[in-house]
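One structure below.
The values are calculated or read from the model by the stated rules, or taken from the named source; none is laboratory data. Predicted model, so just to flag it, every value in this text is computed and none were measured. Counting neighbours? That spans all protein chains shown, and the Cβs are built from the backbone with ideal geometry, glycine included. Ligands, DNA and RNA are stripped out before the accessible areas are found, and what is left, the full protein with its side chains, is counted by its heavy atoms. Shrake-Rupley method; radii C 1.70, N 1.55, O 1.52, S 1.80 Å.
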Amino acid sequence: MRQRHLILGLTFFFTGLFTLHSQVIYIQSGATGTGNSWADASGDLSAALNTASAGTQIWVAQGTYYPLQCSSCSHLQRDTPFSIPEGVAVYGGFDGTETSIDQRDWENNRTFLSGDINQDGIASNNTYTIQYTRNVSAATIIDGFEVVDAFADNGIYDVYTRIN
């Protein structure tokens with residue numbers, strides 16, 4: 001009997017510990033909130049990635065997201081991708097009402113990560129790399145996105161990943 005109580009106690013402890021470290025940040029195009037819920041979603045995916053730590057999930061609603069926005073983009077700005085931190089899971093394909101990750105429909109709620117950072121439709125002004133990860137484990141996830149509109153014009157970059 002004591003062993004069963006110990007097992008149950010440890011199960012609740014570790015479940016609670018995981019829950020404490022598992023945060024969801026909600027992102028919706030055009031939103032201006034803090035990211036604590038769909039009703040208070042943030043519109044800034046880059047900022048969410050910059051503050052996320054291992055164990056965080058970022059749920060991104062349908063729409064198009066840019067690593068930054070500029071009008072006359074410099075080389076440094078074109079070299080600014082979405083940087084996915086170790087252990088962070090980023091999921092696209094939400095409509096902005098889901099309460100479970102299993103409810104998302106990435107085929108009907110298309111979510112784009114775009115390199116057209118000045119939104120002029122001219123490829124030569126686009127970012128070199130759209131999303132970047134380095135030395136990450138299988139706990140780092142990016143799922144449910146279409147990655148579009150990078151432009152590698154200097155021989156050092158490819159469409160999706162910076163070469164180091």
Could you say whether any residue in the range 152-164 is assigned to a loop (DSSP other than H, G, I, E, B), in contact (Cβ under 8 Å) with a residue 40 or more places away in the chain and not charged (D, E, K, R)?
-> no
Count - residues of the range 134-151 that are open to solvent by less than 60 Å² (accessible area, probe 1.4 Å) and either part of a loop (DSSP other than H, G, I, E, B) or at pLDDT below 95 (or both) = 9
For residue 102, the lone unmet condition from (1) outside any loop (DSSP other than H, G, I, E, B); (2) open to solvent by less than 50 Å² (accessible area, probe 1.4 Å); (3) among the acidic types (Asp, Glu) is (2)
Unmet criterion (only one of (1) modelled with pLDDT under 90; (2) touching a helix residue (DSSP H, G or I) at 6+ places or on another chain (Cβ under 6 Å)) for residue 79 | (2)
Options 119, 69, 131; residue that is surrounded by fewer than 17 Cβ atoms within 10 Å (Cβ to Cβ) and within 16 Å of residue 49 (Cβ to Cβ) | 69
